[in-house]
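Engineer: Let me begin by handing over the structure; questions about it come next.
The values are calculated or read from the model by the stated rules, or taken from the named source; none is laboratory data. Computed from a predicted model, the values in this text were never measured in an experiment. Neighbour counts are summed over all protein chains in view; Cβ atoms, including those assigned to glycine, are modelled from backbone coordinates with ideal geometry. Remember, those area values only see protein heavy atoms, side chains included, never the ligands or the DNA or RNA. Shrake-Rupley method; radii C 1.70, N 1.55, O 1.52, S 1.80 Å.
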Amino acid sequence: MIKPFIVALGLGTVAFAGPVQADTILPEYEAQARAADPSFSGFSAERGQAFYLKDHATGKAETPSCTTCHMGNPTQAGRTRAGKTIAPMALSQTPDRFQDVKKVEKWFRRNCKSVLGRECSPQEKGDFITFMKTQ
Amino acid sequence: MRPLQQSEQSVTSVLIWDLPLRLFHWAMVLVVCVAAVTGYLFEDWWLDVHVWAGYALTALLLFRLIWGFVGSYYSRFNSFPLSIGGVRTHLFDLLRGRSDPKEGHTPVGAWMIVLLLTTLIGLVVSGFVVWGGQENNGPLASVISYGVGKGVEDVHEIFANILMGLIGVHLAGVLVETVIFKHDLIRAMLTGEKQVVPSGKSTAGLKHSVIGIVLFTVIAFGLTYWINSASRANEVAALDQIYKQACGECHMAYHPSLRTQSAWDQLMQGLEDHYGEDASLSDEVAQTVRTYLKDNNALNFDTEAAHKIGRINTPSLRITDTRFWQKKHDDFKDADFRHPAVGSKINCIACHKDAETGRFDDASIKLPKGIKYD
């Protein structure tokens, strides 16, 4: 009788712990940002939003902006150039975003190179995730 | 005209065609119509209906061949009046405007049935070969190569055209007999009865109805079992999970049979500038993917897509730049590919439900609502 209850409780805790995990990746970027710039004073959702919406156009011609594939409103599902749906970037919509460091790093590397023509700085990455957490 | 009073008096209704034979005949009419309409008139993606008609036809033919030995008297092949002399007399009679009512088949009618059955056997056998070879489908898929299947397609069409011709002659014959000579053959094929002087030869009866239906049921089950068990051996292996992860994030993961090894190698070397995007992978994953693509490149597959698309190199490395691809999709407008359910022409799986298997069966094409293809 008690077993299923414990299991349910356990699952509930895991599910609850899910979104919070996005926090483990931010301290890492924060440390990197501080190392790069000692005057760094924390991530900003506003800067993240501006970065996200900006028409950078310094990368590949096909992908001028993050919103080429992700939506201007990040709670909406995006779409790759090949027509595949991308789950919303907003954490409220896709709670398992920004958990797997390898995955996050892979996509920052690719998408930043495509859009900006360079790697993103730790501050840009942190701002971006901070912005998505508010969405 | 002729002094027939004596026998005319004893003309009665005799059961000539046993029930299983009549059911066979009308089932055949239906199934051949379906097969002909889907084969001649419809788009390729009605192929599964066509093939189902072919399977039904196979069961019916097997039944008829056995029934030719164990059916009632007039269903048996040894009752067929096939002698050349008989045919000659019959033809001369017809030319002189005479045709006596016959209990069973007329000589010309009997030959017609032999020709129809032979053609149908050729049609069904060649159909299995094309289905197995060219479409890599059905029970013969693992035995027949693509090339053989492709070659036999012409043979299948020739048989189909011969069949259409024979059916035309058959119908004309029935029309002549019915309208000119007033022998109601169609009614006879419905009720099984003819108005004749009984010769005592016909053995049709309830016993045959029962045996016939049991026999057909056994054949239908046996055939279904064979088709299912033989077809299963022929599934294309599922995509490697690591590959599917690595190359299926921005577009569907293409089946490795769609490019040659050299094309895959080139593509893997240029992932940092992959059609206007950075698609780079970690070295470890890249190595796994490279090996998988090499081991499963187009030369290792015998499907139509592997032959017509996979083995053809294009400077852009694109699947969609092969001539075969362009020819098959040239009726689409750009707007069709921008349809919300498609998004891009490289989203094969939006229209080809089996795209991940590399098969691209005609029968698996399902266009999203709103896209017209003609």
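Engineer: Output the residue which, of all residues in the stretch A:81-135 that are in a helix (DSSP H, G or I) and of a type in the set (Asp, Glu), is farthest from the other protein chains (Cβ to nearest Cβ).
Structural biologist: The first filter runs over the stretch A:81-135 and keeps only residues in a helix (DSSP H, G or I), leaving A:101-116, A:122-134.
This time we only want the ones that are of a type in the set (Asp, Glu), so: A:105, A:124, A:127.
Details: A:105: 10, A:124: 16, A:127: 21 Å.
Across the stretch A:81-135, the extreme among qualifying residues is A:127.
Engineer: Another one. Output the residues belonging to the stretch B:334-362 that are within 28 Å of residue B:51 (Cβ to Cβ), among the small types (Gly, Ala, Ser) and open to solvent by 20 Å² or more (accessible area, probe 1.4 Å).
Structural biologist: B:341
Engineer: Additional query: If we keep just the residues of the stretch B:278-301 that are touching a residue at least 12 places away in the same chain (Cβ under 8 Å) and not in a helix (DSSP H, G or I), which is nearest to residue B:238 (Cα to Cα)?
Structural biologist: B:296
Engineer: Still on this structure, I have one more. Could you check the stretch A:49-66 and list, in sequence order, the residues that are out of contact with any Gly (no Cβ under 8 Å at 6 or more places or on another chain), open to solvent by less than 70 Å² (accessible area, probe 1.4 Å) and either among the charged types (D, E, K, R) or in a helix (DSSP H, G or I) (or both)?
Structural biologist: Across the stretch A:49-66, the qualifying residues are A:50, A:51, A:52, A:66.
Engineer: Here's something else I'd like to know. State yes or no: is residue B:253 among the small types (Gly, Ala, Ser) and either in the same structural domain as residue B:32 (by TED's automatic domain parsing) or over 30 Å from residue B:298 (Cα atoms) (or both)?
Structural biologist: No: the conditions fail for residue B:253.
Engineer: As an exercise: evaluate residue A:19 against (1) open to solvent by less than 70 Å² (accessible area, probe 1.4 Å); (2) more than 24 Å from residue A:101 (Cβ to Cβ); (3) modelled with pLDDT under 90 and give the number of the one condition it does not meet.
Structural biologist: Evaluating residue A:19 over (1) open to solvent by less than 70 Å² (accessible area, probe 1.4 Å); (2) more than 24 Å from residue A:101 (Cβ to Cβ); (3) modelled with pLDDT under 90 leaves (2) as the failure.
Engineer: Check whether at least one residue in the stretch B:125-146 is without any contact (Cβ under 8 Å) to a residue 60 or more places away in the chain, of a type outside the set (Val, Ile, Thr), in a helix (DSSP H, G or I) and open to solvent by 40 Å² or more (accessible area, probe 1.4 Å), and report yes or no.
Structural biologist: The answer is no, given that none of the residues of the stretch B:125-146 is without any contact (Cβ under 8 Å) to a residue 60 or more places away in the chain, of a type outside the set (Val, Ile, Thr), in a helix (DSSP H, G or I) and open to solvent by 40 Å² or more (accessible area, probe 1.4 Å).
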